[in-house]
1. Restricting to the stretch 206-219, count the residues that are crowded, with 17+ Cβ neighbours inside 10 Å and more than 15 Å from the chain's Cα centre (by Cα).
2. If you check A295 against the conditions, is it modelled with pLDDT of 95 or more, small (G, A, S) and over 23 Å from L221 (Cα atoms)?
3. Only one of N91, N128 is more than 10 Å from ligand 2 (Cβ to nearest atom), touching a Cys at 6+ places or on another chain (Cβ under 8 Å) and either in the same structural domain as M54 (by TED's automatic domain parsing) or at pLDDT 95 or above (or both). Can you tell me which?
4. Which numbered condition trips up Q216, out of (1) part of a helix (DSSP H, G or I); (2) within 16 Å of ligand 2 (Cβ to nearest atom)?
5. If I go through the stretch 145-167 residue by residue, how many of them are in a helix (DSSP H, G or I) and either within 8 Å of ligand 2 (Cβ to nearest atom) or on the phi > 0 side of the Ramachandran plot (or both)?
6. Somewhere in the stretch 205-215, is a residue among the basic types (K, R), closer than 19 Å to I19 by Cβ and not assigned by TED's automatic domain parsing to the domain that holds V336?
7. Which residue is nearest to L167 (Cα to Cα), if the candidates are limited to the stretch 182-204 and must be assigned to a loop (DSSP other than H, G, I, E, B) and among the hydrophobic types (A, V, I, L, M, F, W, C)?
8. When you scan the stretch 228-267, how many residues do you find that are of a type outside the set (G, A, S), closer than 25 Å to A75 by Cα and crowded, with 16+ Cβ neighbours inside 10 Å?
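The values are calculated or read from the model by the stated rules, or taken from the named source; none is laboratory data. Since the model is a prediction, treat every value here as computed from it, not as a measurement. In this analysis, Cβ positions are derived from the backbone assuming ideal geometry, glycine residues included, and neighbour counts consider all displayed protein chains.
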Amino acid sequence: MSEPVQTPQTFPTRIFSGIQPSGGLTLGNYLGALKRFVQKQDEGIETVYCLVDMHAITVWQDPARLRQQTREAAAGFIAAGIDPKRSILFNQSQVTAHAELAWIFNCVARMGWMSRMTQWKDKTAGKNAETESLGLFAYPSLMAADILAYKATHVPVGEDQKQHLELCRDIAMKFNHDYKINFFPITEPVIEGAATRVMSLRDGTKKMSKSDPSDQSRINLTDDADTIAKKFRKAKTDPEPLPDTIDGLKDRPDARNLVNIYAALADMAPEAVITQYAGAQFGTFKPALADLAVAKLSPITTEMSRLMQDPAEIDRILGEGADRADAIARPIVDQVYDIVGMIRSRHV
Ligand code: AMP
Ligand code: TRP
């Protein structure tokens, strides 16, 4: 890949992150992303959060469901504590700068970079890649455009997005290098906390995902208290009690996952959870975890369904967010056109 360009940190701190509205939000999204989005906002940093509907259609989405899921995700963000006055909250397709910059980046990034993405490899494993959409292949280029259209310096995400963010850095470096300008920041991923990788409740070696065919594998932010409790009670575990040190969880992915979820929900270190529950059977630990999850998630679920009663208000919030996002991204992308050598006489 390209030579790194030394970039002095001249870019003001700005956070950007995105979530695909390709299904309901899961506990993985909440702990790995959303909860931390709220923390960043509450620290007073400038925060831009995007429902990436254009990423969602890289695989088939039923139009009516996509619209519904986008509103539901917006409701989930607000219910979880995103304040649309303090954060910018919008859906990607309303701000055309994303698609425009993605095209430029398609011409900066190399095919080989995309082919090496593990998410691409995973999604096409055992399938005929020839039948996947071109958009799925170029997905990381659009993701880099999302981030760099705002010159975002920090991106909070779960562990699975690390490689995509490295590619975003490579694109920024190659653009800066090719056009000999220190234009884009070299964005830092922010992957922190006990739950950067929440695993399936049915298989502790697989990521909890909104696209898993088994609903038992995940907690949805729309699940009611009974469902949440039932899913945790039925979660896969091993017959051993909880160990008395964190090392004892090393080869026990299912147990480790439940401890990490508890820690993230309770804002505790996993070590502290182990200290509290050393020697406990799952018959004790699982109900405690279920109670904690219900206590933390129920208020969000309730608020989400209240917000969903008024879809017009959600659309209004997304529209207002899009206006504010556009005000930042438009001038940046216009400068990019100029740097690249495109005539833009209609805009002078
Ligand atoms: P996605 O649902 O794939 O659009 O992911 C949106 C955000 O949630 C990204 O920052 C992901 O890294 C994060 N995320 C998704 N699933 C998980 C998971 N199982 N554990 C932790 N973070 C996750
Ligand atoms: N690819 C991310 C995911 O599936 C979603 C995403 C799109 C994103 N654009 C982004 C995340 C920009 C962070 C920043 O989780």
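1. Here the count works out to 4.
2. no
3. Going through N91, N128 in turn, just one is more than 10 Å from ligand 2 (Cβ to nearest atom), touching a Cys at 6+ places or on another chain (Cβ under 8 Å) and either in the same structural domain as M54 (by TED's automatic domain parsing) or at pLDDT 95 or above (or both): N91.
4. (2)
5. 6
6. Within the stretch 205-215, one or more residues are among the basic types (K, R), closer than 19 Å to I19 by Cβ and not assigned by TED's automatic domain parsing to the domain that holds V336.
7. I186
8. Total meeting the criteria: 6.
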